[in-house]
Structure formats: C-alpha cells, structure tokens
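These notes are about the structure you will find just below.
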Amino acid sequence: MSGRIIANVLLWMLAAVCSVATWIFSQSIWAVCVSLLLLLLPLMSWLWNLWQRRRVSVQLEMTSSAEKGQIVRGVLHLSVGALAPVGCAWAFVRVHNDLTDEENRIKLPIQPNGETTFTLHTDHCGRLSVSVERLWLMDIFGFLPVKCRAKVQRHVTILPETFPVEITALQKMTAAQESDSYRTDCKGDDMTEMYQLREYVPGDNLHGIHWKLSSKMGQLIFREPAMPEDHSLLLCWDQAEGTPAVYDALAESVFSVGQALCEAGCPFTLGWMEQGEFCTAEIDGQNALTQHLPSLLKGAGRGQTLPDLSNFGRVLLFTGSLPTEACHANIFYCGEQPVSGVTAFTPQTCRDTLQRLDVGYEN
C-alpha cells in the first residue's frame, strides 16, 4: 500500500505543478481555480472521511466448513450510509490456520456501499480464522488514509480427508464398569475387592477396617480397595508440536481411526488438550465424533503437555513429539524421520501404516 501511496503523491504533485505552471503562463482565472482545487481537494476529502469513519460498518460472509484443497470464497461488505466517502477503501484481511499456525494477509480494495469477493486456498486442514485486521478510507487522490474500526471475524473449518482403517480384536473389549477382573499393580476404590492389608491410618474409610483380623492382631487393620481392570479406550491427540504437514497428517489419522471405531460399533473416549486442561468426550457414533471436530481442529493444545493417562485401560496416542518418559499408551508418532520402538510414520506414509489397527486386549 505504501508504494501505491507514493505513486499517487507523485501523480498529484505532477498535476499540481502543471496547473500552477499553466496559471503563471496563461494568467487565466480558470487555471487559478484548477490549481486551488488540486491543492485543496486532498485535504477536504480527508476531512470528510475523518467525519464519516464512525459510520463505517463491515460485514464478512464465509462458509462454515470446506474440504481441504477446495477454493473458499468470502464476501466483504462495506457500508457507510447515504453519504459515502469520496475515495475508495482498503481492507487488510488476516487468514490464520489455528491448527498449523500458518498465516497469510490479503489486501483488498473496496468500493463504499459495495462488496468485494475474495478466495482462499489451503493445503492443510484446520480451523481458518479470517478477520479484517485494518480498514482505511482514502482521499480522492488516494494518499491520505483515515483508519476505521473493523472488528469482524469468521471461522472456517477445513475438514481432514479420512481414509479406511481396519479395526481388529474388538470382541475382547468391554466397558470398565462391567469388568470382573482387578489390577494387581495399584490400589483403587472398589471396596468389594481387596488390594492389600495394611495398618489403619487416620482418615481411612471406617468401612474398610477388617474387624475380625483387627481383633486378632490387637490393632486396626485396613483393607486397601482394589482397582478394577479398566477396559476403556482413549483415542488421544497430542498437539504439543509438529510441522504443518505433521498436524495435517495427525488430524487425518485421528479422525480416520475414530471413524473406523464408530463404524465398528466401538464406543471410545476422545481426548485432547485445550487452554491448559485435558478435555474428553464420550464418542458413541459418527455424529458425536463430527460434533467435536471443530474443537480439535482449532489447535488449542499447541505446546501443552498431556496429563497422566494411566486411568484408561488402553490408550491410542497420536503425537508429533515422542514422550521423554515411559508412557502408558500405544504411541503413533508422525514425523519426518523414522523412530524405533513406536508405530512411526511420515505425513506421506500415514495411510499405509494405519490400514490395519489392533485395539483389543490380551487375556
């Protein structure tokens, strides 16, 4: 925009010099009028726009969702009422992919009380935040800008491309509350089963005291409750880090696996980080999965560390960064370099790697 302003200033100066020279050599009253008009019009039109800027309103129309690679159209409306500015207007539109952190800026000329159509294109899925960052009204010659308020934003969800995934060993999966087996490695809260016997500590549940054994031992003995064997399934997306291509591949992988679980009739818990909190959603069908699609694609978990996931019976963790410590999860790592010890794939090989997935349990 600065280059265009400089060009307009030079053109105005050239016209002013020519009109003044004509006035000097011709001594014509009309040349005097033209010279004065050229000198005063920029300032007068700038003052007019300064008075009109409070009446400016902007509207942005965008579709709510689109497929990846599809052309997304937007329409920008500029309304200033009956008394329009004398020059044109310029809008600076910011387009940010909240998932991949990609950003682009578009400069658009707008006619007052008119509309301008523009197009967007992205190679990666995610949530596009499209906002009017700045709006300027220009004088009649186009070099004296007046800044206007333009607070308008729209979100466009760019859908990931899913691919078929074959899910195996579902017949061994049961709900956690229906489990009749118990873990031997940690205590829990099921008072009907015992994890271990120990000395009573003030604050323990009185219902857990083993009275018969306590009378024999001469001291209070507490029955530590057991932890039921959890057969729940967590599909978790760790958005801590990754390149745009990695985020795109992880989104496609997570929703392809989730879609396959829904088609197989396997309920699961969807997990992700958002604003420092670990969010979960119970998914029992395709509609529930689609409902939470925008929440995951807005990339609110960037740079955030996942909590302990050991409360779930089985965890399918999709990530672009390998955990530094031992993790209670089946890790699916997406990166540009191969990694041993986990299921690793690149953005180009994710579909081939995840064609077949075992989410069952070994007895």
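In the set Thr119, Thr100, which member is open to solvent by less than 80 Å² (accessible area, probe 1.4 Å) and touching a Pro at 6+ places or on another chain (Cβ under 7 Å)?
After ruling out the rest, the residue left standing is Thr100.
Taking the range 287-305 only, how many residues are modelled with pLDDT of 90 or more and of a type in the set (D, E, K, R)?
Qualifying residue count for the region: 1.
Filter the range 220-245 down to the residues that are at pLDDT 85 or above and either buried (at least 22 other Cβ atoms within 10 Å of the Cβ) or under 22 Å from Pro307 (Cα atoms) (or both) and list them by number.
Once the filter is applied, which keeps residues that are at pLDDT 85 or above and either buried (at least 22 other Cβ atoms within 10 Å of the Cβ) or under 22 Å from Pro307 (Cα atoms) (or both), the range 220-245 yields Leu233, Leu234, Leu235, Cys236, Trp237, Asp238, Gln239, Ala240, Glu241, Gly242.
Is it true that some residue in the range 187-202 is in a loop (DSSP other than H, G, I, E, B), out of contact with any Leu (no Cβ under 8 Å at 6 or more places or on another chain), modelled with pLDDT of 70 or more and over 24 Å from Gly313 (Cβ atoms)?
Yes, because at least one residue in the range 187-202 is in a loop (DSSP other than H, G, I, E, B), out of contact with any Leu (no Cβ under 8 Å at 6 or more places or on another chain), modelled with pLDDT of 70 or more and over 24 Å from Gly313 (Cβ atoms).
Scan the range 306-315 for residues that are more than 19 Å from Glu277 (Cα to Cα) and at pLDDT 85 or above and jot them down.
The answer is Arg314, and nothing else.
Would you tally the residues in the range 316-330 being within 21 Å of Thr162 (Cβ to Cβ) and either modelled with pLDDT of 90 or more or surrounded by 18 or more Cβ atoms within 10 Å (Cβ to Cβ) (or both)?
5
Checking the conditions here, which among Trp90, Trp48, Trp30 is among the aromatic types (Phe, Trp, Tyr) and assigned to a strand (DSSP E or B)?
Trp90 is the lone residue from the list that is among the aromatic types (Phe, Trp, Tyr) and assigned to a strand (DSSP E or B).
Could you please give the count of residues in the range 69-83 that are crowded, with 17+ Cβ neighbours inside 10 Å and in a loop (DSSP other than H, G, I, E, B)?
Summing the residues that are crowded, with 17+ Cβ neighbours inside 10 Å and in a loop (DSSP other than H, G, I, E, B) in the range 69-83 gives 1.
Scanning the range 346-360 for residues that are crowded, with 20+ Cβ neighbours inside 10 Å and at pLDDT 90 or above, which turns out nearest to Arg314 (Cα to Cα)?
Here the answer is Leu354.
Return yes when Thr305 is open to solvent by less than 20 Å² (accessible area, probe 1.4 Å), more than 24 Å from Thr349 (Cα to Cα) and of a type in the set (Ser, Thr, Tyr) and no when it is not.
no
Sort out which residues of the range 51-62 are within 17 Å of Pro112 (Cβ to Cβ) and either part of a helix (DSSP H, G or I) or open to solvent by less than 70 Å² (accessible area, probe 1.4 Å) (or both), and write them in order of number.
Once the filter is applied, which keeps residues that are within 17 Å of Pro112 (Cβ to Cβ) and either part of a helix (DSSP H, G or I) or open to solvent by less than 70 Å² (accessible area, probe 1.4 Å) (or both), the range 51-62 yields Trp51, Gln52, Arg53, Arg54, Arg55, Val56, Ser57, Val58, Leu60.
Looking at the range 330-356, which of its residues are out of contact with any helix residue (DSSP H, G or I) (no Cβ under 6 Å at 6 or more places or on another chain), over 19 Å from Leu261 (Cα atoms), part of a loop (DSSP other than H, G, I, E, B) and not hydroxyl-bearing (Ser, Thr, Tyr)?
Result: Gly335, Glu336, Gln337, Pro338, Val339, Gly341, Val342, Gln348.
Quick check on this structure: which one of Gly299, Gly271, Gly258 is part of a loop (DSSP other than H, G, I, E, B) and of a type outside the set (A, V, I, L, M)?
Unique residue meeting the criteria: Gly299.
Of everything in the range 26-76, what is of a type in the set (Gly, Ala, Ser) and in contact with a His (Cβ under 6 Å, 6 or more places away or on another chain)? Give them in sequence order.
None - no residue of the range 26-76 is of a type in the set (Gly, Ala, Ser) and in contact with a His (Cβ under 6 Å, 6 or more places away or on another chain), so the list stays empty.
For the range 109-155, please list each of the strands (runs of 3 or more DSSP E) lying entirely inside it that holds at least 3 residues being closer than 30 Å to Leu250 by Cα.
Fully inside the range 109-155 and qualifying: 114-120, 126-138.
The values are calculated or read from the model by the stated rules, or taken from the named source; none is laboratory data. This structure is a prediction, so every number in the text was calculated from the model and none was measured. Positions of Cβ are backbone-derived with ideal geometry, glycine not excepted, and every protein chain shown enters the neighbour counts. Accessible surface is based on the protein model in full, side chains and every heavy atom, while ligands, DNA and RNA are left aside. Shrake-Rupley method; radii C 1.70, N 1.55, O 1.52, S 1.80 Å.
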